[in-house]
Amino acid sequence: MATLASEQDLEIECTPIGWALGAEIKGVDISAPLNSEQIGAIRSALLKHKVLIFRGCPMTPDEQIRFTKYFGELPDLPFNKRWMHPEFTNEVYVVTNKPKADGAIPETVNTGRWWHFDQNFMPQPAMGRVLHCVEAPALGGTTMFANQELAYELLSDGYKRIVEGLRPVYDIVSSAIARLSNRKPMSQEEIDRTPSSAHPCVRTHPETGKRSLFFDKSTCERFEGLTLEESAGIIAFLHQHTTQPTLTYRHMWKPGDTLFWDNRCATHYAPPDYDVGNLHDPRNWRTMHGTTIAGDTPVLRPIS
């Protein structure tokens, strides 16, 4: 357990809870205003552990927005507009399986059912995300995370050279997500504002300088310069490699939990590990409030 002293002689405790990634933070109330030392300690912990867990701290959307802004700007999210909070339509998106008043199941019931980086299909994917649990199933409803710095380190030198020359093409419009997520079709405005993007398969972290794999198959069907058939084998191997249990931490949610993760080097996945066939039972309801931190353009820099 690491102890980080703040300006006011408070102690922030940072305790790893997963071998590959993940740490629980205690000694700070993230629903309240933070000082520069507390913000710096949290940022340092994020860079080291990739996923930070703050337990038992209910937050209003306003408080969540304030916490998120300590670490960067909140970007415009063209593809998320239909799922934004009714009172915070530009900042907070809502992921829920809770039936609507007319009994209809929300579109977000299957959100995150695939390993992915957030917004990898955008020119500048998210730097990070803050997810706050409002409601959680009595059993299950977890979120899994995988360390992509470690995934890169575990590759052979030969395969590192291969992937360092690849650029996955991410396209949410034509991907399996669009076909299989049971959502209404994207509007023309959403399509126009969500172009495909190609990024390096290996990126350099802009703050730590470490390399990580920046690949997921959720919206990738090929690599730049390769055909679908030529890409298929590489995609299959990288998907298996980047999601292996060795790389992961699995979080069991409770209301009031908040997770903050580094989207530049950690993927995540929300498996259907609860009674998804009985969503009219309140014991299976799952509601999350999410905020996003704007990121930069992924690049692969030479090793100095």
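Structure summary
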{"quantity": "Filtered residues of the range 13-33 (kept if in contact with a Phe, Trp or Tyr (Cβ under 6 Å, 6 or more places away or on another chain) and part of a loop (DSSP other than H, G, I, E, B))", "calculated": "Gly18, Leu21, Gly22, Ile30"}
{"quantity": "Matching entry among Phe237, Phe260 (being more than 22 Å from Ser196 (Cβ to Cβ) and under 15 Å from the mean Cα position of the chain (by Cα))", "calculated": "Phe260"}
{"quantity": "Among (1) at pLDDT 95 or above; (2) open to solvent by less than 20 Å² (accessible area, probe 1.4 Å) - the single one Thr108 does not satisfy", "calculated": "(1)"}
{"quantity": "All positions within the range 122-146 that are touching a helix residue (DSSP H, G or I) at 6+ places or on another chain (Cβ under 9 Å) and open to solvent by less than 20 Å² (accessible area, probe 1.4 Å)", "calculated": "Gly128, Arg129, Val130, His132, Pro137, Gly140, Gly141, Phe145, Ala146"}
{"quantity": "Pairs, first free of Cβ contacts under 8 Å to residues at least 40 places away in the same chain in the range 32-55, second in a helix (DSSP H, G or I) and surrounded by 20 or more Cβ atoms within 10 Å (Cβ to Cβ), C-beta under 8 Å, six or more apart", "calculated": "Leu34/Ile42; Leu34/Phe67"}
{"quantity": "Per-region count, the range 23-40, residues closer than 17 Å to Arg66 by Cα and either open to solvent by 10 Å² or more (accessible area, probe 1.4 Å) or more than 23 Å from the chain's Cα centre (by Cα) (or both)", "calculated": "12"}
{"quantity": "Val130, sole failed condition from (1) at pLDDT below 95; (2) part of a strand (DSSP E or B)", "calculated": "(1)"}
{"quantity": "Qualifying positions in the range 202-233 - of a type in the set (Val, Ile, Thr) and in contact with a Phe, Trp or Tyr (Cβ under 7 Å, 6 or more places away or on another chain)", "calculated": "Val202, Thr219"}
{"quantity": "In the range 210-234, residue nearest to Leu300 (Cα to Cα) [restricted to those that are at pLDDT below 95 and under 18 Å from the mean Cα position of the chain (by Cα)]", "calculated": "Asp216"}
{"quantity": "Selected residue (only one of Glu164, Glu153, Glu149, Glu207 is at pLDDT 95 or above, in contact with a strand residue (DSSP E or B) (Cβ under 6 Å, 6 or more places away or on another chain) and open to solvent by 20 Å² or more (accessible area, probe 1.4 Å))", "calculated": "Glu164"}
{"quantity": "Checking Gly158 against (1) surrounded by fewer than 18 Cβ atoms within 10 Å (Cβ to Cβ); (2) more than 30 Å from Ser196 (Cβ to Cβ); (3) not β-branched (Val, Ile, Thr), the condition it does not meet", "calculated": "(2)"}
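Residue-by-condition table, conditions (1) of a type outside the set (Gly, Ala, Ser); (2) surrounded by 14 or more Cβ atoms within 10 Å (Cβ to Cβ):
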site: Leu228; (1), (2): yes, no
site: Gly233; (1), (2): no, no
site: His241; (1), (2): yes, yes
site: His251; (1), (2): yes, yes
site: Arg264; (1), (2): yes, yes
site: Gly277; (1), (2): no, no
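The values are calculated or read from the model by the stated rules, or taken from the named source; none is laboratory data. Quick caveat: nothing in here was measured; it's all calculated off a predicted structure. No Cβ is skipped: glycine too gets one built from the backbone with ideal geometry, and neighbour counts run over all protein chains shown. Protein only, heavy atoms only, side chains kept; ligands, DNA and RNA dropped before computing areas. Shrake-Rupley method; radii C 1.70, N 1.55, O 1.52, S 1.80 Å.
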